[in-house]
Every structure is written in C-alpha cells, then in structure tokens.
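Quick notes on the structure that follows.
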Amino acid sequence: MTDNTPVAPWYRQPWFWFLTIFPLASITFGLTMLVVSVNLDTAMVTDDYSKEGRGINMAIARDQKASEMQVSGKLQLANRKAVLTLDTKDGPADFPYLVLNLYHPTLEDKDRVIQFNRLADGEYSGRILENLDGRWYFDLQGPDNDWRVKGELWLPAEHPITIQAKANVQE
C-alpha cells in the first residue's frame, strides 16, 4: 500500500498558521509598543520627588500669603483685552505689574501667560494674543512671585470672573 496523495506545501498547512499566529502577533504588538513609547513625551514623569515636595510646600506658602493679604478682585476678558481690578486688606493693590498664567487642563502647549500692567491703584490691563475658549486653570501672582491666587474659569465669560484667595489653602 503506497500513499501517493500529494502533500500540500507548508504555507497551506492549517497547523503551521495556528501555531505561528500568536508569536507573530506578540512580536508585532511588542514592536508597536516600543515605537510608541520611544516617540511619546514623558513630561508627566518626575524622578526628583524631594524637589517636587519642596515645590509643593513653597506653593502652599504662596497661597497662604495671598490669603493673609486677602487678595480679591474681578477679571474681565473680552475682545482680546484683559482688565483686572485687585484689592488687598490694605486697599487697592499697588504692584508694578501682575502675571496671570492660564493652564489648559490637558494640553501643555496651549498654556498662556498674560502680563498685566498697572493703570492706577488696583487697576491693571493686559492683552490676550488669541481667542481662548473652554476650561482653564489660572494662577495670578505678584511681581516677586511670593504670593499667588489660583482657581478655575471657563472662557469666554459673559460676566467678570471673581478672583479671591482662599482662607483654608490645601494642595
């Protein structure tokens, strides 16, 4: 009895494909993950935790100083112009300039900085270079960066935005 049935070539054997599909899939997935991980920015990862901790303590101290100064005011953003009225416990604020940092919640490249120039006691004016829409975190600080008031806002805003240092500051 001789078996003269022709044998199919190796690439037509179902067992070959069944046994090789999983290793090929894992190699493809591994190489894809390697390419993705090499090309992504790791800006969220820090390796100096003690420095981060000191920075958090300094931020809390700046927030507490703003609370002690009782910094409060109104911010009006319209037509690429920003107008800020700011008061402290001693009366209208008397700083040569102020800096407002606007942080986008998810995209670091959309963060903006607005510098306010003093017009009169407690009145400041600044320019916005582009239209800002959506949710933003803000950080208003003095010229010496020794105090700050932070919060959240939605733009465009129909009414003036209240800025006030919180009494119980927690990071």
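The values are calculated or read from the model by the stated rules, or taken from the named source; none is laboratory data. From a predicted model like this one, the values you see are computed outputs, not experimental measurements. Quick reminder, even Gly has a Cβ in these numbers, built from the backbone with ideal geometry, and neighbours come from all protein chains shown.
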Top-ranked residue of the range 81-124 - restricted to ones that are within 21 Å of the chain's Cα centre (by Cα) and either assigned to a loop (DSSP other than H, G, I, E, B) or touching a residue at least 60 places away in the same chain (Cβ under 8 Å) (or both), ranked as surrounded by the most Cβ atoms within 10 Å (Cβ to Cβ): HIS104
Does LEU75 satisfy the criteria of being buried (at least 18 other Cβ atoms within 10 Å of the Cβ), modelled with pLDDT of 90 or more, closer than 30 Å to ASP41 by Cα and of a type in the set (A, V, I, L, M)? no
Testing MET1 on (1) over 35 Å from the mean Cα position of the chain (by Cα); (2) at pLDDT below 80; (3) in a helix (DSSP H, G or I); (4) not β-branched (Val, Ile, Thr), one condition comes back false. Which one is that? (3)
In the range 137-171, what residues are at pLDDT 85 or above and of a type in the set (Val, Ile, Thr)? VAL149, ILE161, THR162, ILE163
Identify, please: which residue in the range 58-72 is of a type in the set (Gly, Ala, Ser) and not in a strand (DSSP E or B) and is, among those, surrounded by the most Cβ atoms within 10 Å (Cβ to Cβ)? ALA66
Got at least one residue in the range 151-171 being buried (at least 17 other Cβ atoms within 10 Å of the Cβ), in contact with a Phe, Trp or Tyr (Cβ under 9 Å, 6 or more places away or on another chain) and not aliphatic (A, V, I, L, M)? no
